[in-house]
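Just so you know, all these numbers are worked out from the coordinates, no wet-lab data involved. Quantities reported herein were computed from a predicted structural model and do not represent experimental measurements. In this analysis, Cβ positions are derived from the backbone assuming ideal geometry, glycine residues included, and neighbour counts consider all displayed protein chains.
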Amino acid sequence: MSVTAARGFTAAGIAAGIKDNGNRDLAVVVNNGPRRAAAGVFTSNRVQAAPVQWSRQVLADGEIGAVVLNSGGANACTGPQGFKDTCATAERAAERLGLTATDVAVCSTGLIGVPLPMDRVLAGVDRAVTRLSESGGEDAAVAVMTTDTVHKTATVTRGGWTVGGMAKGAGMLAPGLATMLVVLTTDADLDGPVLDRALREATRVTFDRVDSDGCMSTNDTVLLLASGASRVTPEYGEFAEAVRAVCADLAGQLVGDAEGASKEIRVEVTGAASEDDAVEVGRSIARNNLLKCAVHGEDPNWGRVLSAIGTTSAVFEPDRLGVAINGVWVCRNGCVGEDRELVDMTGRDVRITVDLAAGTDSAVIWTNDLTADYVHENSEYAS
């Protein structure tokens, strides 16, 4: 259930001393081939961390041989020295692995604006390389955690080949890309352009539709590496679906572990004139703090859903809107529907369904409630 589930990969996760608490904070994932194809998608935030800038460059040829990831510091907004530190990390890993620096992607997560303790990072890379193993995927997944309460892994196996992955992310979760570091691996025999297409199709309907708190990170990175070790070249549609399934699993785990969350909210918008309309409406609902507070209080306040819909440019007529909460259509034709007292919101899962009655397209956005624990977590994050 991790990045080493696919053949041809080894990984390690260690405590390098980047974090003061002594927890694991540095991971290395290595593609041992025979193929070293890769693809990646990154944050669309205009303020981008040095590791994002570096990894974009090294992925330009559709190949990488290893990824170094650290938690405990984002290496974002750290100026020219931050980029030099990222280069130094890649160079050290490359030296120890027999690669070139441009074969190594780098990912960082943690507090923005604080330089990394490079003596510990580089020594950590040395130590992690000596601990690489086919069973090291779980340790690697633990090492990238920040405010996560659990590590996140997933895998799908098809006819002789596998897609596996790990993710971190708990706060600052919003589309474009949605705050996370994700490494996906496969032993399918595929090249970089195929990986790129499958990854972009998958992230569009999974990670890009996670919207926990409307805040976009500087460090978002999702990588997909292929070793070709299975010697199997799957049909594209089957492979793309496997990648999507792993991404959907990991995205669901991100929402479930969102900072302070007590409810997981699935917003499904139906009857839209276009998919873009459905996504826009879903995001507006997912980002409505009044609604998120109502869900936390187990109050089926459908008026807040309609208010959120009304702020969008989507095609709809207000007097045709419908809203269901956990299967009860509390709003029909833009006004009172079934008795709101019929809505049971005591469980962790909350389903909000919106019918725009304007077409046949639909989309799903995943979010969570807004709690006092979220405020406490993020008011003390840098302390």
Connecting every pair of Cα atoms under 10 Å apart in the chain and solving the GNM, the largest mean-square fluctuation among T270, T346, T371 falls on T346
Given unit charges at Cβ for Lys, Arg (+) and Asp, Glu (-), the dipole magnitude of the chain about its Cα centre in debye, nearest 20, is 860
Contour minus Cα-Cα span, V205 to W329, at 0.36 nm per residue, comes to 42.1 nm
Read-out volume of the Cα convex hull per residue in Å³, candidates (1) 127; (2) 146; (3) 160; calculated match is (1)
Taking a ≥ b ≥ c as the square roots of the Cα gyration tensor eigenvalues, with a/c under 1.5 meaning rounded and otherwise prolate when a/b beats b/c or oblate if not, region 110-227 comes out oblate
The summed charge of the A324 Cβ neighbourhood (under 10 Å; Lys/Arg +1, Asp/Glu -1) stands at -1
The lysines whose Cα lies under 26 Å from the Cα of K84, excluding any fewer than 8 residues away in the same chain, are K19, K168
Of D20, D139, D196, the most mobile residue in a GNM of the chain (C-alpha springs, cutoff 10 Å) is D20
From DSSP H assignment alone, runs of 4+ in the chain each adding -39500 (n - 2.57), the sum over residues rounded to the nearest 500 puts [θ] at 222 nm at -9500 deg cm²/dmol
Taking Cα atoms, the helix 79-97 axis meets the longest principal axis of the chain at an angle in degrees (rounded to 10) of 60
Once Lys and Arg are counted +1 and Asp and Glu -1 for all other residues with Cβ under 15 Å from that of L291, the total becomes +1
Within the under-10-Å Cβ sphere about T233, not counting T233, Lys/Arg +1 and Asp/Glu -1 give a net charge of -2
So D126 and E317, fully extended at 0.36 nm per residue minus their Cα-Cα distance, gain in nm 62.6 nm
In nm², the average projected area of the convex hull spanned by the Cα atoms of region 192-312 is 9.6
Nearest 10, in degrees from 0 to 90: the angle of helix 118-130 to the longest Cα principal axis of the chain is 80
